[in-house]
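These notes concern the structure reproduced below.
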Amino acid sequence: MNSPTPSHALMDIAARPAAVMVRGSGSWLEDADGRRYLDFVQGWAVNCLGHAHPAITQALSEQAARLINPSPAFFNEVSLRFANRLAAAAGLDEVFLCNTGAEANEGAIKLARKWGRLHRHGAHEIITFKDGFHGRTIAAMSASGKPGWDTIFAPQVPGFPKATLNDLASVEALIGPQTVAVMLEPIQGEAGVQPATIEFLRALRALCDARGLLLILDEVQTGIGRTGTLFRYQAAGITPDILTLAKGIGGGVPLAALLARQSASCFSHGDQGGTYCGNPLMAAVGDAVLGIVNTPEFLAGVRERSAQLILGLNALVARFGLVGVRGAGLLLALELGEHYDAADLVLRAREAGLLLNAPRPHCLRLMPALNVSAEEVEQMLSILAILLQA
C-alpha cells in the first residue's frame with residue numbers, strides 16, 4: 001500500500017529518509033541541516049571520483065559555455081574523441097553513447113536480436129542468469145533474473161531463458177536453435193555482489209566461440225575501474241562481443257555506452273538513437289573521467305584501497321563471527337549472517353554519519369569512490385565496528 005500523500009510533488013517510488021542532500025565533496029555528503037555523511041554508496045557506484053570532483057565541474061562548465069546539444073543528427077567533436085578513446089581502451093570497435101545502463105542494455109538486446117536475424121536464421125533468445133539485474137525497462141527487467149520481476153509488469157518480453165551463475169552446464173542445456181547470445185554481469189551487484197569466477201568467464205567465451213554465439217557483458221556496475229582493472233573482463237583475459245557501460249563512466253552525470261565488435265555491429269540507420277545520445281556536455285565529462293581513471297597509477301590506487309578494505313572487513317568477520325567478504329576492487333559485500341538485519345544496520349549507520357547499502361537482508365554492499373582515502377576507509381571500518389558491537 002502506498003504511503004500517504006507526500007508534502008512535495010516527487011512521485012513516491014522509493015523509501016527515502018527525511019534528509020535533503022544539498023552538497024557533496026569527495027567521499028562526503030551534507031544535508032540541509034548541516035549533517036555530514038561518509039558516503040560508501042556513491043549513488044550506487046556512480047560517483048567513481050566522489051562528489052563534485054573538480055575535473056567534472058570544469059568539463060561541465062567549459063563545455064556548457066561552448067556547445068550542449070547540436071542534436072544527434074550531427075557529429076560533434078567531443079563525442080568523436082571520447083568514443084575513439086573508449087573503444088581503444090575496451091578493445092572494441094564501435095560505440096553508441098546513450099544515457100542510462102538500462103538504455104545501453106536495451107541497445108545490446110536489440111543489436112543481438114538483429115544480428116541473429118541476419119546471421120543465425122532469426123535466432124533471438126538471449127541466455128541470461130538467475131538473480132541478474134540489467135535495468136528497469138520492460139525488456140531489461142525480462143532479461144533480469146531478480147525474484148518477483150516476472151510478475152510485476154507481466155507479461156514479460158519472451159526470449160530470456162535463465163541459467164545459473166558459475167554453472168556452465170546450465171548454460172549449455174539452454175542453447176538451442178533460437179539462441180543468439182549469452183548476457184551477464186561479471187559480478188552480480190544487486191544480487192549481493194556475486195562474482196562470476198574467472199574460470200567461468202573464460203569458459204563462457206570459449207563456449208560462445210564454439211557455438212557461434214555473441215557474448216554480452218553488462219559492466220554497468222563493474223566497469224570504469226570499479227574492480228581494480230578498467231573493465232572486469234580484463235582480469236579474465238577475454239573480450240566480449242558486446243559491452244554495456246554506465247554509472248562510473250559519467251562520474252555522476254547521466255552517461256552510458258553500448259560497445260561492440262565490428263562483426264557484431266549491425267544497426268541500420270534508424271534502428272537506434274535518442275535525443276540526448278552522444279551530446280557533447282555528457283561526452284566531455286566521460287572523456288575527463290576516462291582520462292583520470294584509465295591510468296596505471298589510478299588503478300593501482302584502487303587495488304591498494306581494496307586490499308586495505310578487504311583486510312579490515314575480514315578483521316570484522318573474525319571479531320564478530322560474520323560470514324565473509326566477497327567481490328573485487330571497490331565493489332565488495334560483507335555477508336553478515338542471520339544474526340544481523342542489514343536494513344537496520346544501514347539505518348543506524350546513517351544516524352552515525354555513514355552511508356551503506358543493503359542489497360539483501362543480511363548483506364551490506366560497499367561502493368566507495370575509487371579515490372577514497374586510506375583514512376576514510378579506516379574511519380568507515382571504525383564506525384562499522386561500533387555498529388556491529390551495539
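Take segment 363-390 and flag every residue that is among the small types (G, A, S), part of a helix (DSSP H, G or I) and closer than 15 Å to G26 by Cα.
Answer for segment 363-390, where residues must be among the small types (G, A, S), part of a helix (DSSP H, G or I) and closer than 15 Å to G26 by Cα: just A374.
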Original post:
Could we say that D93 is surrounded by fewer than 17 Cβ atoms within 10 Å (Cβ to Cβ) and touching a residue at least 40 places away in the same chain (Cβ under 8 Å) here?
Top reply: yes
Original post:
Counting only residues that are buried (at least 24 other Cβ atoms within 10 Å of the Cβ) and in contact with a Lys or Arg (Cβ under 8 Å, 6 or more places away or on another chain), which one in segment 188-204 is farthest from A140 (Cα to Cα)?
Top reply: V193
Original post:
List the pairs whose first member sits in segment 291-316 and is within 30 Å of Q389 (Cβ to Cβ), whose second member is of a type in the set (S, T, Y) and outside any loop (DSSP other than H, G, I, E, B), and whose Cβ atoms are under 6 Å apart, counting only residues at least 6 apart or on separate chains?
Top reply: none
Subject >> Flag for R211 being of a type in the set (K, R) and free of Cβ contacts under 8 Å to residues at least 40 places away in the same chain >> reply: yes
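This table checks each residue for (1) under 24 Å from G192 (Cβ atoms); (2) touching a residue at least 60 places away in the same chain (Cβ under 8 Å).
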site	(1), (2)
R81	no, yes
C98	no, yes
G101	yes, yes
A112	no, yes
D131	yes, yes
H134	yes, yes
I138	no, no
P155	no, no
Original post:
Name the strands (runs of 3 or more DSSP E) wholly within segment 307-360 that hold at least 3 residues that are among the β-branched types (V, I, T)?
Top reply: none
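Quick one: in segment 27-77, of everything that is assigned to a strand (DSSP E or B) and under 23 Å from V220 (Cβ atoms), which residue is farthest from the chain's Cα centre (by Cα)?
Out of the qualifying residues, it is L29.
Each reported figure results from applying straightforward, stated rules to the coordinates on display, with no laboratory input. Since we're looking at a predicted model, the values are computed, not measured. Cβ: placed from backbone, ideal geometry, glycine included. Neighbour counts: every protein chain shown.
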